[in-house]
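Trainee: Have a look at this one.
FYI, it's all coordinate maths here, none of it is from the lab. Computed from a predicted model, the values in this text were never measured in an experiment. All Cβ positions, even for glycine, are placed from backbone atoms using ideal geometry, and neighbour counts span all protein chains on display.
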Amino acid sequence: MRPLTANVLEEALAAKLMLSFGKTPEEATDQEMMRVSALVLRDMMTLREVETRQETRRDKKKQVHYLSLEFLMGRSLMKNAYNLGLLPQLREALEHLGFQAADIFEVEPDAALGNGGLGRLAACYLDSMTTLEIPATGYSICYELGIFKQKIVEGQQVELPDNWKDLGAAWLLPKPAEAREVSFGGTIREFWQDGHLHIVNEGATIVQAIPCDMEVAGYGTGHVNVLRLWDARSTKPVDMSLFSRGEYLKATEEEAMAETIAKVLYPEDNHYEGKSLRLKQQYFFVSATMQSITAKHLETYGTLKNFHEKNVIQINDTHPALVIPELMRILIDEAGMGWDEAWGITTRSVAYTNHTVLAEALERWPQDLVQRLLPRIWQILQEISGRWQRKVDDYYHDGAKTEKMAIIWGGEVRMANLCIAGGMAVNGVSGLHSEILRSEVFKDACAMEPWKFQNVTNGIDHRRWLSEINPGLDALIRELTGGDAYLLRPESLRKLDAFAEDPNVWQRLAEIKRANKESFAAYAHKTQGVVLNPDAIFDVQVKRLHEYKRQLLNVLHIIALYQKLQDDPGTIIQPHTFLFGAKAAPGYAVAKRIIHLINSLADQIAHDPVCKDKLQVVFLENYRVSLAEKLMPASEVSQQISLAGKEASGTGNMKFMMNGALTIGTLDGANVEMHEVLGDENMFLFGLRADEVARLREGNYVPQRLYSRDVVLHRCLDALRTGFRDGVQYEDLYQRLLFGTQGSAADEYLLLADFSSYCQAERKMTEVYTDTERWNRMSLHNIARSGIFAADRAVAQYAENIWHVPHK
Ligand SMILES: *Cc1c(COP(=O)(O)O)cnc(C)c1O
């Protein structure tokens, strides 16, 4: 690669600005400059993408297709410039043209086509797949509106539309010539002709799928991959004959359906929504994707018989599970294969990643909906289901197991069982989670086909989540490890362990954290008007709001601290700032109440002089990737307190660790592996373990007993009933914890059971904090041992154990 100077880049920016907007740098706005910067980088990536694609085709390389209904990409300008090795030059060029580089980066909207961890994982994996020079393509929907923007009004969440495309579309390259047609509804007609059974769908509604490609540059390589986002359009704008007959609504029906498909991302995280529009989205994206992949394969090889040798389809949770019947449809109906041959190819092509064990998140589609919307897919599903059921029956001769493992049962299509039957691999996303899949959730399938079940612990893009966002720490790491090798070899962060007893290094770490806290405080002041005390511990819980993640447990402990301070206003405590950030799904009432509660408590504490400079609670509005990027480097305590057995992996935990925050957490998800590398002495563990949770559940758990026995807990819970100075009462949450409500058991997520253990861990943590040397040594060990949580490691494991493709 030719190195590009700031001068050349500056000329390119000025020329693009002139030709695209007819403006000189003096006339341009920050927004226009951001767009122009994106266009210039996009041009460079496009050239490389064409080369990458030609090489893949010339060398007949096996390709990875990563399908996900969500890609939480965040911002791309700084990231792409970083990966292209152009970040310093871009900064210099922008400044030279009279702009503040930081302002230009700041106007870019997040491409927030995802909810939380699952979508962010897909984005991190795209970066690693590209950096590891794997020929890979991501596929999703080009949602017009990403995850809603959150505003807090009078303590409550208000959702606003996220119109990201105005500026965000600068990264998109529409390819209308590669559009595909996706059929919905209609009736299936079968007929024999020339000795072949032909199957046609008559009277279907056709929706056009138009690819909009977003290029993804790897780090330290010329390799460029693509994220292909499908936009939906009607095939025929309006039917003029119907229109002229006055049937106006009917004439625009298809158009309306097409336009809603790519309109909005479903905002539920870890929760299944059985809406027909959601099923339409899934099939739309899966069908367009499989048509595109098979057509390209045919262009290169002239046959689909070797499809599985040259392609692997990785599905991110069950949301794209319809790839299985869709690939079968293409192989049988379009390529004329017999069932067995098509099934052999399909089951050697598809691999499934499970992301949750929560029952309410398991997808089950009503069969009449599938039948009506996707008649041909329904036929194929019935055949798959029938054959699978016979196989299970022949193996177990046990009706109960046949029922449990069935794909179609009780009027529903169960997507996880479809993925197990139709996939070559099923993996969980942390050691504990994969073990729970093998021994509980998919126990019977695992006993029948044990070779399918694997583990790949999640990972994060450490170049973004450390080097790019925490330049101070990045510089220290380079200095101590003798260069930037860690960027491509994250395990070399281990070298930092050697400095565990170096007071100078502790000091440097402390200074970097302090500076990051001060910049975050400045940002919070500018955007939210809050004044954060940089002398306080920054104790952070940011993630989607969900009962299993137990933000409410954090709140109960803060209430306990507050009550202690009220009892004895003279106590000198370590100043403590609790930061929360979380979006609640708009229909998740309890989650929204918890957000309200956090804000009520924050308001109470802010107005109580007893708490001044001692205790503070802040709810950060609109938690998203770009906010996480500012917050992680400034965080000191990472709250990872889900009920053991419920969080599949977590990736937020990894971002904190890499930036030197210490974890207070349960043995859940990837926290378990964190504990394996850190030991008890470098993190603060508390609470029940997954097996103890299971045992407590089997017995008779009565939270009221804990309430009557523990005076601290008792007072905390009573405070919910009375509420705080804003007059809002939380009797509902109190009831939910002590008595349960219809449909949910009392204290479903065992907050009361873990409360005292949690308070103890918090006490221990604040005590250690006052021992700065010890704290900074622990922080150093956290950074040093975070290398295993790099996405590069995870993607290499997928490549070696599941995809069987070479990587750098
Ligand atoms: C990493 C990330 C998540 C996932 O956080 P968890 O704590 O693992 O649930 C969610 N949202 C955003 C914006 C993230 O960057």
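Trainee: Just for segment 333-431, what percent of DSSP beta bridges are antiparallel, to the closest 5? Don't jump to the answer; show the numbers that get you there.
Mentor: Details: 5 of 8 bridges.
Bridges in segment 333-431 are about 60 percent antiparallel.
Trainee: Summarise the long-distance tail of P(r) for segment 711-808 by giving the % of C-alpha pairs beyond 22 Å. Could the numbers behind the result be given before it?
Mentor: Values: 2964 of 4753 pairs.
Value for segment 711-808 (Cα pairs over 22 Å): 62 percent.
Trainee: Hey, can you rank 780-789, 797-806 by average C-beta count inside 10 Å, highest first?
Mentor: 780-789, 797-806
Trainee: While we're on this one: In vacuum, with every alpha carbon of segment 420-569 counted as one equal point scatterer, what does the Debye formula give for log10 I(q)/I(0) at q = 0.09, 0.21 Å⁻¹? Two decimals, please.
Mentor: Normalising to I(0) and taking log10 leaves -0.56, -1.25.
Trainee: Based on the Cβ-Cβ distance from Arg489 to Asp194, what FRET efficiency comes out when R0 is 60 Å, to the nearest 0.05?
Mentor: 0.55
Trainee: Here's another thing I want to ask about it. Give me the angle, in degrees from 0 to 90, between the Cα long axis of helix 589-606 and the longest principal axis of the Cα atoms of the chain, rounded to the nearest 10.
Mentor: 30 degrees
Trainee: With both bridge residues required to lie in segment 72-226, what share of the DSSP beta bridges run antiparallel, to the nearest 5%?
Mentor: Working: 25 of 26 bridges.
Among the beta bridges of segment 72-226, antiparallel pairing accounts for roughly 95 percent.
Trainee: Would you grab the residues whose amide H sits under 5 Å from the one on Gly138? Only those 5+ places off in sequence or on another chain, please, with H modelled 1.01 Å from N.
Mentor: Amide H neighbours of Gly138, under 5 Å, 5+ apart: Tyr66, Val226, Leu227, Arg228.
Trainee: Moving on to the next point. List the extent of the Cα atoms of segment 337-437 along each of their three principal axes, largest first, rounded to whole Å.
Mentor: Computed over the Cα atoms, the extents are 39, 29, 29 Å.
Trainee: I need to check one value: relative contact order of the chain, counting alpha carbon pairs closer than 8 Å and at least 6 residues apart, in percent. Before the final figure, lay out the partial values.
Mentor: On the way: 1469 pairs, mean separation 101.7, N = 808.
In percent, rounded to a whole number, it is 13.
Trainee: Could you order the peptides 531-541, 154-164, 307-317 from most to least packed, using the average number of other C-beta atoms within 10 Å per residue?
Mentor: 307-317, 531-541, 154-164
Trainee: Under Stokes-Einstein, with the Kirkwood radius over Cα pairs standing in for Rh, what whole-number D in µm²/s applies to segment 565-611 at 37 °C and 0.692 mPa s?
Mentor: The Stokes-Einstein estimate is 259 µm²/s.
Trainee: What share of the DSSP beta bridges in the chain is antiparallel, in percent to the nearest 5?
Mentor: About 45 percent, rounded to the nearest 5.
Trainee: Going by alpha carbons, how many degrees (0 to 90, nearest 10) lie between the helix axis of 276-301 and the longest principal axis of the chain?
Mentor: The angle comes out at about 60 degrees.
Trainee: Given H placed on each backbone N at 1.01 Å, which residues far from Val264 in sequence or on other chains put an amide H within less than 5 Å of it?
Mentor: Glu144, Leu145
Trainee: In straight Cα distance, which lysines are under 17 Å from Lys151, not counting same-chain residues fewer than 8 positions off?
Mentor: Lys526, Lys543, Lys583, Lys592
Trainee: Under the classification rounded if a/c is under 1.5, otherwise prolate if a/b is larger than b/c and oblate if not, where does segment 148-300 fall, given a ≥ b ≥ c as square roots of the Cα gyration tensor eigenvalues?
Mentor: oblate
Trainee: Just the ratio, please: alpha-carbon radius of gyration of the chain over 2.2 N^0.38 Å, N its number of residues. Before the final figure, lay out the partial values.
Mentor: On the way: Rg = 27.2 Å, N = 808, 2.2 N^0.38 = 28.0 Å.
Here the answer is 0.97, to two decimals.
Trainee: Roughly what would the spin-label model give for Trp451 and Leu160, points 7 Å off Cα along C-beta, in nm?
Mentor: 5.5 nm
Trainee: Using each residue's phi in segment 165-177, evaluate 6.51 cos²θ - 1.76 cosθ + 1.60 at θ = phi - 60° and report the 3J(HN,Hα) Karplus result to the nearest Hz, with x for Gly and Pro.
Mentor: With the stated coefficients, segment 165-177 comes to 6, 3, 9, x, 5, 4, 7, 8, 10, x, 10, x, 5 Hz.
Trainee: Okay, next question. Just the C-alpha atoms of segment 497-612: what Rg/Rh do they give, with Rh taken as the Kirkwood radius? Could the numbers behind the result be given before it?
Mentor: On the way: Rg = 16.9 Å, Rh = 16.4 Å.
Using Cα coordinates only, the ratio equals 1.03.
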